[in-house]
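Reviewing the structure listed below.
The values are calculated or read from the model by the stated rules, or taken from the named source; none is laboratory data. As the structure is a computational prediction, the values presented were derived from the model and not from experiment. Because the Cβ atoms are built from the backbone with ideal geometry, glycine has one as well, and the counts that use them run over all protein chains shown.
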Amino acid sequence: MSDLKDGASEPTPVASSDGSSRLKRIIWTAGGTVFLALGLIGIALPVLPTTPFLLLAAACYLKGSRRMYEWLTNNKLFGRYLTDYMEGRGIPLRAKAATLCMLWAAIAASILFVIESLILRIVLLAIAAGVTIHIIMIRTKRRMR
């Protein structure tokens with residue numbers, strides 16, 4: 001569990017000297033690493049959602065390893081994107097467009113060249129439509145001028 005300590009604006013993991021607390025931190029950190037791996041795979045595989053897995057990784061790291069949480073949220077590749085999303089600032093229009101283009105290109109390639117089953121094609125289209133709606137509904141981050 002997390003507490004706010006000494007007027008801190010962000011939660012900090014509560015440390016305890018017993019072994020069960022250490023085991024819990026190890027489990028949270030391992031979970032964060034699994035979710036991070038899934039999120040990274042999702043960058044190249046548009047059917048696998050990147051953002052939810054990165055958010056889950058951040059939540060797990062917050063409970064398990066402050067160092068890994070700081071690394072994730074300050075990472076030069078996706079740290080700003082992740083913190084902007086978590087703080088409700090949105091996603092830049094260019095990132096939304098690139099995401100949707102990659103998503104639909106991968107879905108189209110899968111439907112045309114890989115998937116033969118009509119049911120699976122319909123499921124892929126439904127997933128792509130749902131992801132598209134979700135991305136469009138996320139606030140668009142305006143450029144700072």
| note | Subset of the stretch 111-142, residues touching a residue at least 12 places away in the same chain (Cβ under 8 Å) and more than 22 Å from the chain's Cα centre (by Cα), comes to Ile111
| Enumeration of residues in the stretch 67-88 that are basic (Lys, Arg) and in a helix (DSSP H, G or I) | Arg67, Arg80
| task | Inspect the stretch 101-120 for any residue being under 23 Å from Thr73 (Cβ atoms) and of a type outside the set (S, T, N, Q) and give the result as yes or no. | result | no
| Can you name every residue in the stretch 74-96 that is among the hydrophobic types (A, V, I, L, M, F, W, C) and within 16 Å of Leu36 (Cα to Cα)? | Leu77, Phe78, Leu82, Met86
| request: Could you please tell me which pairs satisfy a Cβ distance under 8 Å, a separation of 6+ or placement on different chains, a first residue in the stretch 94-106 that is over 14 Å from Ile127 (Cα atoms), and a second residue that is at pLDDT below 85 and loosely packed, with under 15 Cβ neighbours inside 10 Å? | output: none
| Right, Lys63: part of a helix (DSSP H, G or I) and touching a residue at least 60 places away in the same chain (Cβ under 8 Å) or not? | yes
| field | Hits in the stretch 89-145 (condition: loosely packed, with under 12 Cβ neighbours inside 10 Å, part of a loop (DSSP other than H, G, I, E, B) and of a type outside the set (Asp, Glu)) | value | Ser117, Arg139, Arg142, Arg143, Met144, Arg145
